[in-house]
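Undergrad: Sharing a structure, written as C-alpha cells. Questions coming.
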Amino acid sequence: MSEQKLDFKDLVVLVTGAGSGIGRVYARFYASRGAKVAVNDVSAAGAQKVVDEIKGAGGQAVAAPGSVADGASIVQATVKAFGTVHVLINNAGILRDKSFKNMKDEDWDLVTLVHLKGAYSCTKACWPIFRQQKFGRIVNTASAAGLYGNMGQANYSAAKMGLVGFTRTLAREGVKYNIKTNVIAPMAASAMTETVMPPEMLKGLKPEFIAPFVGVLTAKNGPDVTGRIFELGAGFFSEVRWERTKGAIWHTGDDSFTPSAVAAKWSQVQNFDQAEHPVNSEDGDMLGWLQQSKKLPPNSQGSEKIDFKGKTVIITGAGAGLGRSYALMFAKLGANVVVNDVSKEGAAKVVEEVKALGGKAVAAVCSAEEGEAIVKAGLDAFGTIHILIANAGILRDKSFQNMDEKMWDQVIAVHLRGTYKCAKACWPIFQKQKYGRIVTTASPNGLYGTVGQANYSTAKAAIIGFTRTLAIEGGRTGIQANCIAPRAGTAMTATVWPQDLVDAMSPDFIAPVVGYLASEQCTDSGTLYETFGGYAAQMRWQRTHGAAFPNDREILPESIAAKWKEITTFDDRATNPSSGHEALEQILSNFSNLAGDNSSSGSSGSTDAFIDAEDTEEIKKAKRNPPKPDEYTYTERDVLLYNLGIGAKADELHWTYENADGFEALPTFGVIPQFGSSSAMDMGEFVPNFNPAKLLHGEQYLKINKAIPTSGTLVNHVRLREVLDKGKAAAVTVAVNTKDKSTGETIFESESTVFLRGSGGFGGKKTGADRGTASAANVPPKRKPDAVLEEKTSLEQAAIYRLSGDYNPLHIDPAFASMGGFPKPILHGLCFMGIAAKHVLKTFGPYTDIKVRFAGTVIPGETLVTEMWKEGNKVIFVAKVKERDAIALSSAAVTLKEEKSKL
C-alpha cells in the first residue's frame, strides 16, 4: 500500500480492557484519529479515567464498564452513546499463572471465561449490528504463549490459541457482510505482563508500538485482510501461517497399518523439505491420498515392534467412533483400557469388544469433565495410568448469528475443559512415576476455521495451545504431550459430511498414528499433526521476515501500511519459530534498532566506551568494531557436566540431579557460556607477533546478575576492554555481556585477561585502568584464615571438565603437555577456580561476583586447599596445591550477597 492517510473519522470503536495498559493506549490512539471510543473495563473508575483523558484532549469517548462475559450490556452502552459500533477490539485479559501441577479449577475457569467467553460475548452482541450495516472490524488478542505454549500458563495458552480458531471462523462467516476479523499476538508492557517480565524488558515493549498496527487492520481504507495472524512488538511486525509437511501415506487395505508401521515412516511425516501452506481444511489432494493408500503394498513394520503390554490407557469418548477404534487397537497391543463415555450402553459394548479380543477393560461412564472419576476407575482396576487419549467431543453447529450461549458453553466444556480435567487428574500420577503420554484432539476446523463452528473451532484450537504448554511442563518428568487434528467418519462428523466421505475416512486409519504418539518409542512432544485415511503430516508455524521500525520513534499506522507487503510476504527469509523464546528473538533484537544508530553489532553501550587516548589505531579500531553477538545454547545436561567437572558429589543432589528440589548451576558456570566467544577474538589484528601457544590466562572476573537458568539460549556481546603494553608481553582484557535470549536480561558480566608473551613493545598504554572489583588487588589480611577447606581433585578431573567446552589438548594429552614443559596434563585454570569458588560458597554462602588471578598450575589428583578471610561483605581467598605448597590462585575474592554469612 502507498502511504495514504488512513481514515478513522467517526468510526465507533469498542475497546475491552481499556482502563489501563495496552487497552488504554488503543482507546487514546483511536480518539486521536477522530474515532468515537467506548472504553470498557471491569473497573468503572478505570474506564472513566481514560474517558476523561480522551475528552480532555478533545476526543469523544464514553465509559462502558462491566465484565466482558456480559457483552450485551457493554455493546448496549456503546450503541446508546453513539448509535452503532463499527470496530471491536477484544483486548480484555487476566493472568492466573501457576504450574499445571498447582493450577486449580478456578484458575482455569476464570482465564477461559475472560479471554474466550468474553470475546464470544462481546462479538456476539456486535455481530448483528455489523451484518446489518455491512461493515465490521474485529481484532482478537492471542499471545506467543498461545501459539507456542509457555511454562506455568496452561490456562492462558489454551485461551489465547483458542482465539486463533475463533478468528478463523468469524473471518469466513463475515466475508459477505464486509466483516473482517484478524488476530494479533502482541508483546507489550501492560499491567498484566509487568507481573511476569523484568523492568528492563518492559521498557522496550511499549504498547504504543501495537496500537498503530491494530489501527491499520481496522481503518476504513485499510488493507483487505481477514482471518490472518500477526506477531508484533517493539517496532517489529510479521505475519504467521501454518506450514505442513508433504507427509507420509500408509497402506490401509490390511492389518499391516500399525503403530510400528507408523514409526517406520515417521521421518517422512516430519520432513518439511517440500512443505505446503494450507489455508483451508480442504487444501491438499485428499481423495488422491486416500486412493494411494489403498494401492500401496503392505506396510513395513520397521525394526522394533510397538506394544503396550503392562500399560494402562484412558480413552475419553470411547463408546463409538474414533475412541472405539483407539480402544480396540490398544487392547490388541496388550494395553489395559479405560473406556470413558457418557453413554453407558456404548461404553459397555466397547468393554465387551475389548474382552472378546482377550484384552482387559473397564468402563467409566461420565462426562470428560469428571476427570477424577475417570482416573479413579483406572486406578481401581489397574493400579496406575500411563496414557491419556483425550478424544471426547460434541458438535453444536450453527452460524455465529444463530449460535446461542448454551451451544458455546457446551462445546467449550466437553472439548476444552474435559481435556483439561482429564489431564489434570492424570498429571500427579505421571509426575510420580516419571512417565506419561498424552494425545489430545484438535481438528482441521480449529486450524483453519469453518462456517457454522465458531464454538468448535475455538475449542479445538485452544487444545493445541494447552497441549504445547503441557509438553513444556512435562518435559522434566518424562511426560510427553502431542496433538492430532484428525478427519474421520464418526457419529459426530456424520451430521455434517456426505456418507461416501464418512465411509472412506474410517477412524481405524487414525488409530495407528495415535498409537505411535502414545508409545515409548515416540520421543516427540509439543507437536501437531493432521491425519486421516492412512495419511499424516506435521504442522508448524511459519513467520515472515517482517518489517522493523526504530524502537525509539513514534510509529504511524500509515508507515506500517506502506510496508504491508514486506510484513506479509513469505519468502526465503521466513522462519519457523517453535517456541516462545525463538519467536521473541526478532522482537527483542529490535530493542537495538534506534533512529540514527549506526552500530551493527547489536551490543549495548557506546562503541567508544572503552577507547583510551593511548590506544594504537589498531586497538581503537578493534574496540569500535566488536564481533557480532554469539549464541550459546545449553541444557540441564551441560549444567550437570559443569557441576561434576568442578567436583560436585553424587549426594549433593541440588547440583547433580536435574529433578532435585532447588537444582541449580554452581555460580561459576557463568564462565562457560562466554568462553568460546571471549577466546575467539582475533588478537593478531591489534598486537604484534601474536602466537596462541604463548597465551596465558592471567585473571578472570565474573559477575552474576540474575538467577542462572538451568537451560536456555544465551547471547554473548563481546567487547575489547583493554590492551596494555608490558614490554615483552601484552595484557589483553576482553569483556563479555551475556544475556538471556528470551528476555534480554543480562545474566553474566565477565572480564578475561590474558598475557601474550612476545607481543609487547607496540607503544600502547602501559598502566591499566581501575576496573573496580574486576581489577582489585585482594590482599589477604595478616592473620590466620577464618576458614580453610581442602579437596583432592580426581585423576579424571580435567577429562570431565573439558566436556564443558575447553578442549585444549594441554589438559588431556601427555605428549602435548610435555611440549609445553609440564610433566603431566594440567587442570584447567577455570576448573580449579570453580573448585575454590565452591569452597567459598559452601562456607560463606551465595555471592554476586568473583575475581581471581591464576598464579600456578594444578595437576589432576593433587589437593586444592582454599584459605578464606571474611572482610565485611567480601571474602578474600587464596588457593594452594597441598602436595607442593604452591599457590594456584591469588588476588582472589568474592562479594557476598548478604552481609550476614553462613560462617
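Undergrad: List the pairs whose first member sits in the stretch 295-320 and is among the small types (Gly, Ala, Ser), whose second member is in a loop (DSSP other than H, G, I, E, B) and open to solvent by 50 Å² or more (accessible area, probe 1.4 Å), and whose Cβ atoms are under 7 Å apart, counting only residues at least 6 apart or on separate chains?
TA: 320/491
Undergrad: Can you name the residue in the stretch 861-877 that is open to solvent by 20 Å² or more (accessible area, probe 1.4 Å) and part of a loop (DSSP other than H, G, I, E, B) and, of all such residues, is farthest from residue 833 (Cα to Cα)?
TA: Checking each candidate, the answer is 872.
Undergrad: Could you tell me how many of the residues in the stretch 538-564 are farther than 30 Å from residue 514 by Cα, in contact with a Pro (Cβ under 9 Å, 6 or more places away or on another chain) and either assigned to a strand (DSSP E or B) or β-branched (Val, Ile, Thr) (or both)? Working first, answer last.
TA: Start the filter on the stretch 538-564 by keeping residues that are farther than 30 Å from residue 514 by Cα, which leaves 544-564.
From the residues that got through so far, the ones that are in contact with a Pro (Cβ under 9 Å, 6 or more places away or on another chain) too are 554-561, 564.
When the remaining residues are screened for being either assigned to a strand (DSSP E or B) or β-branched (Val, Ile, Thr) (or both), the result is 555, 560.
The qualifying residues number 2.
Undergrad: Here is a list: 851, 824, 842. Which entry is within 17 Å of residue 801 (Cα to Cα) and either open to solvent by 30 Å² or more (accessible area, probe 1.4 Å) or assigned to a strand (DSSP E or B) (or both)?
TA: Matching residue, one of 851, 824, 842: 824.
Undergrad: Within the stretch 312-334, is even one residue out of contact with any helix residue (DSSP H, G or I) (no Cβ under 9 Å at 6 or more places or on another chain) and open to solvent by less than 20 Å² (accessible area, probe 1.4 Å)?
TA: The answer is no; no qualifying residue exists.
Undergrad: For the stretch 622-726, which fully contained strands (runs of 3 or more DSSP E) count at least 1 residues that are more than 25 Å from residue 775 (Cβ to Cβ) and out of contact with any Gly (no Cβ under 6 Å at 6 or more places or on another chain)? Explain how you work it out, then say what you get.
TA: On the way: elements: 630-634, 695-704, 712-725.
It comes to 630-634, 712-725.
Undergrad: So, in the stretch 34-57, how many residues would count as being surrounded by fewer than 20 Cβ atoms within 10 Å (Cβ to Cβ) and in a loop (DSSP other than H, G, I, E, B)?
TA: Result for the stretch 34-57: 4.
Undergrad: Next up: Just for the stretch 445-471: of the residues that are open to solvent by 10 Å² or more (accessible area, probe 1.4 Å), in a helix (DSSP H, G or I) and in contact with a Phe, Trp or Tyr (Cβ under 9 Å, 6 or more places away or on another chain), which one is farthest from residue 400 (Cα to Cα)?
TA: 468
Undergrad: Might you let me know whether the stretch 807-815 holds any residue that is of a type in the set (Phe, Trp, Tyr), on the phi < 0 side of the Ramachandran plot and either buried (at least 19 other Cβ atoms within 10 Å of the Cβ) or touching a residue at least 12 places away in the same chain (Cβ under 8 Å) (or both)?
TA: Within the stretch 807-815, none of the residues are of a type in the set (Phe, Trp, Tyr), on the phi < 0 side of the Ramachandran plot and either buried (at least 19 other Cβ atoms within 10 Å of the Cβ) or touching a residue at least 12 places away in the same chain (Cβ under 8 Å) (or both).
Undergrad: Identify the single condition in (1) open to solvent by 40 Å² or more (accessible area, probe 1.4 Å); (2) farther than 30 Å from residue 256 by Cβ; (3) more than 33 Å from the chain's Cα centre (by Cα); (4) not basic (Lys, Arg) that residue 366 does not satisfy, given that it satisfies every other one.
TA: Among (1) open to solvent by 40 Å² or more (accessible area, probe 1.4 Å); (2) farther than 30 Å from residue 256 by Cβ; (3) more than 33 Å from the chain's Cα centre (by Cα); (4) not basic (Lys, Arg), residue 366 violates only (1).
Undergrad: Quick one: which of 195, 167, 226 is modelled with pLDDT under 95 and among the hydroxyl-bearing types (Ser, Thr, Tyr)?
TA: 195
Undergrad: Right, something else. Would you point out the residue of the stretch 779-821, among those that are in a loop (DSSP other than H, G, I, E, B) and in contact with a Lys or Arg (Cβ under 7 Å, 6 or more places away or on another chain), that is modelled with the highest pLDDT?
TA: The extreme case among them is 786.
Undergrad: Report every pair of residues separated by at least 6 positions or lying on different chains whose Cβ atoms are under 7 Å apart, first residue within the stretch 670-684 and on the phi > 0 side of the Ramachandran plot, second of a type in the set (S, T, N, Q) and in a helix (DSSP H, G or I).
TA: none
Undergrad: Within the stretch 623-651, count every residue that is open to solvent by less than 90 Å² (accessible area, probe 1.4 Å), more than 28 Å from residue 720 (Cβ to Cβ) and not hydroxyl-bearing (Ser, Thr, Tyr).
TA: Number of matching residues: 11.
Undergrad: Would you check which residues across the stretch 335-350 are farther than 21 Å from residue 257 by Cβ and open to solvent by less than 10 Å² (accessible area, probe 1.4 Å) and list them?
TA: If the condition is that a residue be farther than 21 Å from residue 257 by Cβ and open to solvent by less than 10 Å² (accessible area, probe 1.4 Å), then 338, 339, 340, 347 are the ones that fit.
Undergrad: So, one more: Give me the pairs, please: first residue somewhere in the stretch 480-496 and open to solvent by less than 30 Å² (accessible area, probe 1.4 Å) and among the basic types (Lys, Arg), second residue anywhere and outside any loop (DSSP other than H, G, I, E, B) and modelled with pLDDT of 70 or more, beta-carbon distance under 7 Å, and either six or more positions apart or on two chains.
TA: From the stretch 480-496, the pairs are 487/444; 487/532.
Undergrad: May I ask you to list the residues in the stretch 128-143 that are crowded, with 24+ Cβ neighbours inside 10 Å and either part of a helix (DSSP H, G or I) or at pLDDT below 95 (or both)?
TA: Answer for the stretch 128-143, where residues must be crowded, with 24+ Cβ neighbours inside 10 Å and either part of a helix (DSSP H, G or I) or at pLDDT below 95 (or both): just 130.
Residues are listed down the side, and each one gets a yes or a no for (1) at pLDDT 95 or above; (2) part of a loop (DSSP other than H, G, I, E, B); (3) out of contact with any Leu (no Cβ under 8 Å at 6 or more places or on another chain); (4) of a type in the set (Asp, Glu):
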{"site": "62", "(1), (2), (3), (4)": "yes, no, yes, no"}
{"site": "70", "(1), (2), (3), (4)": "yes, no, yes, yes"}
{"site": "74", "(1), (2), (3), (4)": "yes, no, no, no"}
{"site": "78", "(1), (2), (3), (4)": "yes, no, no, no"}
{"site": "85", "(1), (2), (3), (4)": "yes, yes, no, no"}
{"site": "92", "(1), (2), (3), (4)": "yes, yes, yes, no"}
{"site": "109", "(1), (2), (3), (4)": "yes, no, yes, yes"}
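Undergrad: Hey, another quick one. Can you find, within the stretch 149-176, the residue that is farthest from residue 399 (Cα to Cα) among those that are open to solvent by 10 Å² or more (accessible area, probe 1.4 Å) and assigned to a helix (DSSP H, G or I)?
TA: 156
Undergrad: Just give me the residues in the stretch 742-770 being surrounded by fewer than 21 Cβ atoms within 10 Å (Cβ to Cβ) and over 22 Å from residue 694 (Cα atoms), in sequence order.
TA: 742, 743, 745, 746, 749, 769, 770
Undergrad: Further, regarding this structure: What residue, of 69, 35, is among the aliphatic types (A, V, I, L, M) and in contact with a strand residue (DSSP E or B) (Cβ under 7 Å, 6 or more places away or on another chain)?
TA: 35
Undergrad: Against the condition of a type in the set (Ser, Thr, Tyr) and exposed (fewer than 13 other Cβ atoms within 10 Å of the Cβ), how does residue 303 come out, does it pass?
TA: Considered against the rule, which asks whether it is of a type in the set (Ser, Thr, Tyr) and exposed (fewer than 13 other Cβ atoms within 10 Å of the Cβ), residue 303 comes out as yes.
Undergrad: Moving on. Pick from 886, 798, 836: which is surrounded by 24 or more Cβ atoms within 10 Å (Cβ to Cβ) and touching a strand residue (DSSP E or B) at 6+ places or on another chain (Cβ under 7 Å)?
TA: Details: 886 fails: surrounded by 24 or more Cβ atoms within 10 Å (Cβ to Cβ); 798 fails: touching a strand residue (DSSP E or B) at 6+ places or on another chain (Cβ under 7 Å).
836 is the lone residue from the list that is surrounded by 24 or more Cβ atoms within 10 Å (Cβ to Cβ) and touching a strand residue (DSSP E or B) at 6+ places or on another chain (Cβ under 7 Å).
Undergrad: Going through the stretch 95-107 one residue at a time, which ones are open to solvent by less than 60 Å² (accessible area, probe 1.4 Å) and more than 20 Å from the chain's Cα centre (by Cα)?
TA: 105, 107
Undergrad: Can you tell me which residue is nearest to residue 584 (Cα to Cα) among those in the stretch 670-721 that are touching an Asp or Glu at 6+ places or on another chain (Cβ under 7 Å) and among the hydroxyl-bearing types (Ser, Thr, Tyr)?
TA: Only one residue fits best here, namely 713.
Undergrad: Report yes if residue 713 is of a type in the set (Ser, Thr, Tyr) and farther than 20 Å from residue 847 by Cβ, otherwise no.
TA: yes
Undergrad: Suppose we keep only residues that are over 18 Å from residue 138 (Cβ atoms) and open to solvent by less than 50 Å² (accessible area, probe 1.4 Å) within the stretch 9-32. Which one would you say is modelled with the lowest pLDDT?
TA: Restricting to residues being over 18 Å from residue 138 (Cβ atoms) and open to solvent by less than 50 Å² (accessible area, probe 1.4 Å), the top hit is 21.
The values are calculated or read from the model by the stated rules, or taken from the named source; none is laboratory data. Only a predicted model underlies this, so the values are computations on that prediction, with no experimental measurement involved. Every residue, glycine among them, receives a Cβ derived from its backbone with ideal geometry; neighbour counts consider all protein chains shown. Surface accessibility is based on the protein's heavy atoms, side chains included, excluding ligands, DNA and RNA. Shrake-Rupley method; radii C 1.70, N 1.55, O 1.52, S 1.80 Å.
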